[in-house]
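A short write-up of the structure that comes next.
The values are calculated or read from the model by the stated rules, or taken from the named source; none is laboratory data. No experiment lies behind these values; they were computed from the predicted model shown. Cβ sites come from the backbone with ideal geometry, for glycine too, and all protein chains shown count toward neighbours. Ligands, DNA and RNA are stripped out before the accessible areas are found, and what is left, the full protein with its side chains, is counted by its heavy atoms. Shrake-Rupley method; radii C 1.70, N 1.55, O 1.52, S 1.80 Å.
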Amino acid sequence: MIYFTIAKNDCGYLIDSISDCYEVLKAKFPDEKIYKSDKAIVSIYVIKDQLEEING
């Protein structure tokens, strides 16, 4: 599983930080929404409708 945060810029949504460990990412960014993917990340750009947020 891959966990990541996203940022919005003028071009759309972009993967900001990424980790294979949810706890590490949550500790570093406690106030950010964290998303997950079981597929390989092949782009730094994401489609908002395909995001799966972790509520932890």
Distance (nanometres) between label positions extended 7 Å along Cα→Cβ at residue 54 and residue 32: 1.2 nm
Cα gyration tensor of the chain diagonalised, 5x eigenvalues square-rooted, in angstrom largest first, produces semi-axes 17, 13, 10
Average accessible surface area per residue within the chain, 1.4 Å rolling probe, Å²: 76 Å²
Lysines near residue 28 by alpha-carbon distance under 18 Å, same-chain residues fewer than 8 away left out - which ones? 36
Give me the percent of accessible area attributable to carbon and sulfur for the chain, probe 1.4 angstrom. 49 percent
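State the extension gain, in nm to one decimal, for the chain segment bounded by residue 41 and residue 2, taking 0.36 nm per residue of separation less the distance between their alpha-carbons.
Length gained between residue 41 and residue 2: 13.2 nm.
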